[in-house]
Amino acid sequence: MEIDNLVVRYGEKAAVNGLSLTVTGGTVASVLGPNGAGKTTTVESCEGFRRPYSGRVRVLGLDPVADHDALMPRIGVMLQEGGAWSGVRALEMLRYVATLHTHPLDIPALVERLDLGTCGRTPYRRLSGGQKQRLSFALAIVGRPEVAFLDEPTTGLDPHGRREIWQLIRDLRDDGVTVVLTTHAMDEAEQLSDQVHVVSAGKVIASGSPDELTEHHTKSLEDVYLALTAPPKRETR
Amino acid sequence: MTTATYSPRPGSAPWPRKVLAHARMEFRLLIRNGEQLLLALVIPLGLLLLLGGTGLGNRLPLGDGAPIDDAVPRVLGLAVLSSSFTSLAIATGFERRYGVIKRLGASPLSRTGLLAGKIGAVLAVQLIQLAVLAGTGFALGWDPAGGVDAVLGVVLMVLCGTAAFGSLGLLMAGVLRAEATLAAANLLYLLLLVGGAILTPVDEYPAGLQGVVRLLPSAALANGLANATVEGVIPWAAALSLALWAVVLGYLVSRTFRWD
């Protein structure tokens, strides 16, 4: 995945302002940044939802806007929230999305892995926050994508659930899936990522492996992140 | 421990399978939704029973024939309006609100697949509407004229009406927020029911209004259905009017439809 000097504007405001980054295939890359930094807009540009004002985006060598129909079967997207009809049952939704793909994952195995068996017949609107997250994760990977975009995948999960999702992300990477992770959880980024990209004000302000950014773990990633994204101090009189 | 493998093996299912899956999903969700069923079936059926099964049809200006013969095609028109416009607009508006459109935008279901699936679900609902309303009409003494031409005329009107009103529904859901779509679609449904020549022929409207009312797609749909089943002709002029509406509204949908 290559993003070169991307600019995305909402009216006069540039949400992304000259952002460049590269994600190597078969790795986990985390995109970190404060709220409003341009993370979601960047990822949505890769998913074809945002048209660049200028710059270049390529995912698997394809332009996400111009080659939308060719790219979509090859990527999996986990939205930050929603993404299912309120009245649809969890398993029904998963089966439906699987039907859109040629070689979907084995549904019973995926349901077991993500502990969705107990809520399979529950309407989406009645699922707990954690169940919605796990279903959304399943929907993102059921089509056996080459690249999975995961937006805050463990928000709302209990510690056991988080660890299970972390292991699943590692398994995806080990099986050759490229994972692009957007998260506010520094421990998550530190544990899972091969590369971390810190975004602020629409630009990448730091990139590197967790080991490089934390200077061989002499600092925590959270401390590094806080230092990089600290708001400018006000002058006091 | 599960030994699932996640190695990439992406691919899009064949287009017909995707469309069928989407149509089936939308149809299932629609028939589970009480409000949608009310609009699609209960209101038209109630109106037909009132107009054809009581003396009310004799007191209202439905047309020149027997009340039940005039009521059935006009209530069919209302049913097509409710399923292809009101239900579709509201459902699509809330799909956008719930992120379903976005979710599907990041799936192998293309824009054409999404639209074809939605149309498929609407046509499936209309088959049920036609069966229930025509069956009730026959039970109440409906005697349509025209034989094969009447059947062809009704099918033509349903298809052209669905294209025109479905485009209007998708346009509304594409440019308005979900709540605004809900309000506007219900308001327009009521306005067309009362003032759009659905139940009352255009000739019954005040002379100054007839020219405007005649141009409305609702008038073309209801009058076309009435011409097909009362006079037994294929209503080509009404079909052309609806097709023109469909082309204009479909173009606007193609310019305004968003995946997010």
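The values are calculated or read from the model by the stated rules, or taken from the named source; none is laboratory data. Just so we're clear, the structure is a prediction, and the values are computed from it rather than from any experiment. With ideal geometry, Cβ positions are generated from the backbone for all residues, glycine too; neighbour counts draw on all protein chains shown.
Residue A:122 fails exactly one of the following numbered conditions: (1) among the hydroxyl-bearing types (Ser, Thr, Tyr); (2) crowded, with 21+ Cβ neighbours inside 10 Å; (3) more than 13 Å from the chain's Cα centre (by Cα). What is the number of that condition?
Status for residue A:122: all satisfied but (2).
Looking at region B:31-41, which of its residues are touching a Gly at 6+ places or on another chain (Cβ under 8 Å), assigned to a helix (DSSP H, G or I) and crowded, with 16+ Cβ neighbours inside 10 Å? Before you say what the answer is, go through the steps one by one.
Within region B:31-41, the first condition is being touching a Gly at 6+ places or on another chain (Cβ under 8 Å), and the residues that meet it are B:32-33.
Now narrow it down to the ones that are assigned to a helix (DSSP H, G or I): B:32.
Selection gives nothing.
Assess whether residue A:168 counts as being part of a loop (DSSP other than H, G, I, E, B) and out of contact with any strand residue (DSSP E or B) (no Cβ under 8 Å at 6 or more places or on another chain).
Values: part of a loop (DSSP other than H, G, I, E, B): no; out of contact with any strand residue (DSSP E or B) (no Cβ under 8 Å at 6 or more places or on another chain): yes.
So residue A:168 fails the test.
Against the conditions (1) more than 7 Å from every other protein chain (Cβ to nearest Cβ); (2) of a type outside the set (Phe, Trp, Tyr); (3) under 23 Å from residue A:122 (Cβ atoms), where does residue A:58 fall short? Just the number, please.
The number of the failed condition is (3).
Those residues that are touching a residue at least 40 places away in the same chain (Cβ under 8 Å), in contact with a Ser or Thr (Cβ under 8 Å, 6 or more places away or on another chain) and either closer than 30 Å to residue B:144 by Cα or not basic (Lys, Arg) (or both), I need them from region B:16-51; list them, please.
Answer for region B:16-51, where residues must be touching a residue at least 40 places away in the same chain (Cβ under 8 Å), in contact with a Ser or Thr (Cβ under 8 Å, 6 or more places away or on another chain) and either closer than 30 Å to residue B:144 by Cα or not basic (Lys, Arg) (or both): B:21, B:30, B:36, B:39, B:40, B:44, B:45, B:48, B:49.
Identify the residue in region A:82-111 that is in contact (Cβ under 8 Å) with a residue 40 or more places away in the chain and more than 7 Å from every other protein chain (Cβ to nearest Cβ) and, among all such residues, is surrounded by the most Cβ atoms within 10 Å (Cβ to Cβ). Break it down into steps so the answer makes sense when it comes.
The first filter runs over region A:82-111 and keeps only residues in contact (Cβ under 8 Å) with a residue 40 or more places away in the chain, leaving A:83-84, A:90, A:93-94, A:97-98, A:100-101, A:103-104.
Those still in the list that are more than 7 Å from every other protein chain (Cβ to nearest Cβ) too: A:90, A:93-94, A:98, A:104.
Working: A:90: 26, A:93: 23, A:94: 24, A:98: 21, A:104: 21.
Result: A:90.
Only one of A:144, A:162, A:89 is modelled with pLDDT of 95 or more and under 19 Å from the mean Cα position of the chain (by Cα); which?
Details: A:162 fails: modelled with pLDDT of 95 or more; A:89 fails: under 19 Å from the mean Cα position of the chain (by Cα).
Among A:144, A:162, A:89, only A:144 is modelled with pLDDT of 95 or more and under 19 Å from the mean Cα position of the chain (by Cα).
Considering each of B:24, B:28, B:9, B:96 in turn, give the residue that is within 14 Å of chain A (Cβ to nearest Cβ), on the phi < 0 side of the Ramachandran plot and in a loop (DSSP other than H, G, I, E, B).
Details: B:24 fails: in a loop (DSSP other than H, G, I, E, B); B:28 fails: in a loop (DSSP other than H, G, I, E, B); B:96 fails: in a loop (DSSP other than H, G, I, E, B).
Exactly one residue qualifies, and that residue is B:9.
Report whether or not residue B:156 is of a type in the set (A, V, I, L, M), without any contact (Cβ under 8 Å) to a residue 24 or more places away in the chain and over 23 Å from residue B:50 (Cβ atoms). So that I can check it myself, show each step before the final result.
Numbers: of a type in the set (A, V, I, L, M): yes; without any contact (Cβ under 8 Å) to a residue 24 or more places away in the chain: no; over 23 Å from residue B:50 (Cβ atoms): yes.
No.
I'd like to check something: does region B:126-141 contain any residue that is touching a residue at least 24 places away in the same chain (Cβ under 8 Å) and among the aromatic types (Phe, Trp, Tyr)?
No, that holds for no residue.
Checking residue B:57 against (1) surrounded by 18 or more Cβ atoms within 10 Å (Cβ to Cβ); (2) in contact (Cβ under 8 Å) with a residue 60 or more places away in the chain, only one condition comes out false. Which one?
Exception for residue B:57: condition (2).
Tell me which residues, restricted to region A:171-201, are touching a residue at least 40 places away in the same chain (Cβ under 8 Å), surrounded by fewer than 20 Cβ atoms within 10 Å (Cβ to Cβ) and within 14 Å of chain B (Cβ to nearest Cβ).
Answer for region A:171-201, where residues must be touching a residue at least 40 places away in the same chain (Cβ under 8 Å), surrounded by fewer than 20 Cβ atoms within 10 Å (Cβ to Cβ) and within 14 Å of chain B (Cβ to nearest Cβ): A:173, A:176.
Taking residue B:245 as meeting all but one of (1) out of contact with any Pro (no Cβ under 8 Å at 6 or more places or on another chain); (2) within 16 Å of residue B:164 (Cα to Cα), write down the number of the exception.
Evaluating residue B:245 over (1) out of contact with any Pro (no Cβ under 8 Å at 6 or more places or on another chain); (2) within 16 Å of residue B:164 (Cα to Cα) leaves (1) as the failure.
Looking at region B:160-215 only, could you name the residues that are in contact (Cβ under 8 Å) with a residue 24 or more places away in the chain, closer than 30 Å to residue B:56 by Cα and β-branched (Val, Ile, Thr)?
B:162, B:198, B:200
With in contact with a strand residue (DSSP E or B) (Cβ under 6 Å, 6 or more places away or on another chain) and either not in a loop (DSSP other than H, G, I, E, B) or not β-branched (Val, Ile, Thr) (or both) as the only criterion, which of A:145, A:231 stands out?
Working: A:231 fails: in contact with a strand residue (DSSP E or B) (Cβ under 6 Å, 6 or more places away or on another chain).
Result of the check over A:145, A:231: A:145.
Please go through (1) in contact (Cβ under 8 Å) with a residue 60 or more places away in the chain; (2) in contact with an Asp or Glu (Cβ under 8 Å, 6 or more places away or on another chain); (3) surrounded by fewer than 24 Cβ atoms within 10 Å (Cβ to Cβ) for residue A:58 and return the number of the only condition it doesn't satisfy.
Unmet condition: (1).
One line per residue, one yes/no per condition, for (1) farther than 19 Å from residue B:44 by Cβ; (2) surrounded by 24 or more Cβ atoms within 10 Å (Cβ to Cβ); (3) within 14 Å of chain A (Cβ to nearest Cβ); (4) modelled with pLDDT of 95 or more:
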position: B:92; (1), (2), (3), (4): yes, yes, yes, no
position: B:103; (1), (2), (3), (4): yes, yes, yes, no
position: B:136; (1), (2), (3), (4): no, no, no, yes
position: B:157; (1), (2), (3), (4): no, yes, no, yes
position: B:164; (1), (2), (3), (4): no, yes, no, yes
position: B:174; (1), (2), (3), (4): yes, no, no, no
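Pick out the one residue from B:237, B:228 that is assigned to a helix (DSSP H, G or I) and crowded, with 19+ Cβ neighbours inside 10 Å.
Unique residue meeting the criteria: B:228.
Every residue, every condition in (1) within 17 Å of residue B:123 (Cα to Cα); (2) at pLDDT 90 or above; (3) touching an Asp or Glu at 6+ places or on another chain (Cβ under 8 Å), yes or no:
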residue	(1), (2), (3)
B:25	yes, yes, yes
B:43	no, yes, no
B:61	no, no, yes
B:64	no, no, yes
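Does region A:28-55 hold any residues that are under 13 Å from the mean Cα position of the chain (by Cα) and either within 14 Å of another protein chain (Cβ to nearest Cβ) or of a type in the set (A, V, I, L, M, F, W, C) (or both), and which are they?
Of everything in region A:28-55, those that are under 13 Å from the mean Cα position of the chain (by Cα) and either within 14 Å of another protein chain (Cβ to nearest Cβ) or of a type in the set (A, V, I, L, M, F, W, C) (or both) turn out to be A:28, A:29, A:31, A:32, A:40, A:41, A:43, A:44, A:45, A:46, A:47.
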